[in-house]
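Enquirer: First the structure, then my questions, so here it is.
The values are calculated or read from the model by the stated rules, or taken from the named source; none is laboratory data. Because the structure is a prediction, the values reported are computed rather than measured. A quick note on method: Cβ atoms are made from the backbone with ideal geometry, for glycine too, and the neighbour counts reach across all protein chains shown.
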Amino acid sequence: MQNCNFFIDNRNLTVKIKIVLAEMREQKRGEKMNWDKLKGAVVSRGYGMVEFCDKIGINYVTLYRQGKTNKVTIANVKRIKESLGLNKEEVMSIFFEH
């Protein structure tokens, strides 16, 4: 995405995520969460996917479906980001750049 490269801090990250998701829905784009990158981030921090989903209070199947249908909620993106301690580049590569 071309407009995703001017993050200043975490507050702006939340706003930018909302804008990008709204643009994607408006354009009906088919981009999906990069499941492999998310899984890699989870495993590299010592969790299994089911264990991680339990930790953040999201059903594994729900998260998987959201990722594959481009319906990941902003709340879930924030939970994942905060739980894994993802930086802005990691968030962008997992959820927006494919």
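For every residue, the table says whether it meets (1) within 13 Å of Ser93 (Cβ to Cβ); (2) out of contact with any Phe, Trp or Tyr (no Cβ under 9 Å at 6 or more places or on another chain); (3) of a type in the set (Lys, Arg); (4) at pLDDT below 75.
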residue: Ile8; (1), (2), (3), (4): no, yes, no, yes
residue: Arg25; (1), (2), (3), (4): no, yes, yes, yes
residue: Glu51; (1), (2), (3), (4): no, yes, no, no
residue: Asp54; (1), (2), (3), (4): no, no, no, no
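Enquirer: How many of the residues in the range 79-89 are closer than 20 Å to Tyr47 by Cα, in contact (Cβ under 8 Å) with a residue 40 or more places away in the chain and crowded, with 16+ Cβ neighbours inside 10 Å?
Expert: So the answer is 4.
Enquirer: Looking for whichever is modelled with pLDDT of 90 or more, basic (Lys, Arg) and either over 11 Å from the mean Cα position of the chain (by Cα) or more than 18 Å from Lys18 (Cβ to Cβ) (or both) here; the options are Lys81, Lys37. Which one fits?
Expert: That would be Lys37, the only listed residue that is modelled with pLDDT of 90 or more, basic (Lys, Arg) and either over 11 Å from the mean Cα position of the chain (by Cα) or more than 18 Å from Lys18 (Cβ to Cβ) (or both).
Enquirer: Does Tyr60 count as crowded, with 16+ Cβ neighbours inside 10 Å, without any contact (Cβ under 8 Å) to a residue 12 or more places away in the chain and not charged (D, E, K, R)? Even if it seems obvious, please write down each step before you answer.
Expert: Numbers: crowded, with 16+ Cβ neighbours inside 10 Å: no; without any contact (Cβ under 8 Å) to a residue 12 or more places away in the chain: yes; not charged (D, E, K, R): yes.
It is false that Tyr60 is crowded, with 16+ Cβ neighbours inside 10 Å, without any contact (Cβ under 8 Å) to a residue 12 or more places away in the chain and not charged (D, E, K, R).
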